[in-house]
Amino acid sequence: MNVGILNGGSTFERQFTAVINKFSKRVGLEMETEYFDSAEKVLNCGKRQDILILGDNNNKKAAIPDAVFLRQNNFKGELVFASRDRKGVLESFSVKPFDFLLLPISIEDFNNVLFRFVKFLKEKECLFLKFSGKEIYINFKNIIYIRSDVNGSMIRCKNKIIRTPLPLYKIEPLLPQPLYCRCHRSHIINLAYIKSVGKDVIYLGNGETLSISRRKIGDFNRSVEKYNNIRNLYGA
């Protein structure tokens with residue numbers, strides 16, 4: 001996970017970096033911190049910043065103009081303000097920040113923000129299932145297909161199979177589109193794993209096959225077309 005710090009000042013950067021490093025070891029998550037003295041450098045660094053902490057650089061004003069500039073130039077990361085500017089809390093709503101921390105803040109407050117952000121990332125990138133008292137996160141990219149099972153559903157991942165009592169219709173709304181398509185009443189496929197398609201069968205890269213129902217063929221073809229258009233456009 002990449003964490004950027006913008007206009008923090010040396011003391012600010014040292015304090016936040018120390019907390020980030022301790023948090024990284026605590027949760028076993030690799031985190032890389034990078035420092036910036038302008039919003040332009042954030043955009044031009046060539047590396048996506050998952051979360052950007054905007055300091056006020058001791059001028060006691062929240063960096064709202066920098067945040068607006070970043071959003072206008074398609075910055076996709078989450079923004080966290082760390083400022084002495086109480087009025088900036090309301091102004092910050094225009095850029096939809098992940099959080100606004102009023103300085104000085106405690107280590108516990110900042111740790112709570114990091115915990116919430118890691119959970120947010122997991123929920124955005126993973127299928128989150130809760131059943132039988134367990135919570136499971138499965139990265140969407142690792143799911144090849146999901147099939148109805150006698151007692152619920154079977155999730156076929158790259159390296160393992162996960163069984164859940166949850167029926168297919170409850171899992172389907174949790175899957176991102178257009179990456180997934182329900183090509184049959186009994187299964188949902190990750191389009192990224194398709195090797196080739198026959199008349200009514202899908203050949204997967206792992207050697208397995210899945211059938212396409214006649215009722216679903218139109219939806220399947222439209223989903224594949226949409227997925228390929230997005231992949232070609234963004235190089236995904």
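The values are calculated or read from the model by the stated rules, or taken from the named source; none is laboratory data. The structure displayed is predicted, hence computed values, not measured ones. Please note: Cβ atoms are built from the backbone with ideal geometry, for glycine as well, and neighbour counts cover all protein chains shown. Just so you know, the surface numbers come from the protein's heavy atoms only, side chains and all, with ligands and any DNA or RNA stripped out. Shrake-Rupley method; radii C 1.70, N 1.55, O 1.52, S 1.80 Å.
Yes or no: the stretch 90-98 includes at least one residue that is among the small types (Gly, Ala, Ser) and surrounded by fewer than 16 Cβ atoms within 10 Å (Cβ to Cβ). Give the steps one after another, and end with the answer.
Of the stretch 90-98, the ones among the small types (Gly, Ala, Ser) are 92, 94.
Keeping just the survivors that are surrounded by fewer than 16 Cβ atoms within 10 Å (Cβ to Cβ) gives 94.
Yes, the stretch 90-98 contains a residue that is among the small types (Gly, Ala, Ser) and surrounded by fewer than 16 Cβ atoms within 10 Å (Cβ to Cβ).
Listed here are the residues, each with its yes/no results for (1) buried (at least 16 other Cβ atoms within 10 Å of the Cβ); (2) in contact (Cβ under 8 Å) with a residue 24 or more places away in the chain; (3) closer than 22 Å to Arg26 by Cβ.
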site: Asn59; (1), (2), (3): no, no, no
site: Ala63; (1), (2), (3): yes, yes, no
site: Val68; (1), (2), (3): no, yes, no
site: Val113; (1), (2), (3): yes, yes, yes
site: Glu125; (1), (2), (3): no, no, yes
site: Ile136; (1), (2), (3): no, yes, yes
site: Asn139; (1), (2), (3): no, no, yes
site: Val150; (1), (2), (3): no, no, no
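Evaluate the following for Leu70: is it modelled with pLDDT of 95 or more, farther than 18 Å from Ile171 by Cβ and outside any helix (DSSP H, G or I)? Break it down into steps so the answer makes sense when it comes.
On the way: modelled with pLDDT of 95 or more: yes; farther than 18 Å from Ile171 by Cβ: yes; outside any helix (DSSP H, G or I): no.
Criteria not met by Leu70.
Can you name the number of the only condition in (1) at positive phi; (2) in contact (Cβ under 8 Å) with a residue 12 or more places away in the chain that Asn74 fails?
(2) is the only condition that Asn74 fails.
Surrounded by 15 or more Cβ atoms within 10 Å (Cβ to Cβ), hydroxyl-bearing (Ser, Thr, Tyr) and out of contact with any Pro (no Cβ under 6 Å at 6 or more places or on another chain): is that true of Ser132 in this structure? Before the answer, list the steps.
Details: surrounded by 15 or more Cβ atoms within 10 Å (Cβ to Cβ): no; hydroxyl-bearing (Ser, Thr, Tyr): yes; out of contact with any Pro (no Cβ under 6 Å at 6 or more places or on another chain): yes.
No, not satisfied.
Would you pick out the residues in the stretch 57-66 that are within 21 Å of Gln15 (Cβ to Cβ) and either at pLDDT below 90 or not acidic (Asp, Glu) (or both)? It would help to see each step written out before you state the result.
Going residue by residue through the stretch 57-66, those that are within 21 Å of Gln15 (Cβ to Cβ) are 57-63, 66.
Within the stretch 57-66, Asn57, Asn58, Asn59, Lys60, Lys61, Ala62, Ala63 meet the criteria.
Report whether or not Asn44 is under 17 Å from Arg84 (Cα atoms) and surrounded by fewer than 16 Cβ atoms within 10 Å (Cβ to Cβ). Write out each step before concluding.
Values: under 17 Å from Arg84 (Cα atoms): no; surrounded by fewer than 16 Cβ atoms within 10 Å (Cβ to Cβ): yes.
Judged against the criteria, Asn44 is not a match.
Six or more apart or on different chains, Cβ under 9 Å: which pairs go from a residue in the stretch 163-174 that's without any contact (Cβ under 8 Å) to a residue 60 or more places away in the chain and basic (Lys, Arg) to one that's in a helix (DSSP H, G or I) and open to solvent by 70 Å² or more (accessible area, probe 1.4 Å)? Could you list them?
Going by the 9 Å Cβ cut-off, there are no qualifying pairs.
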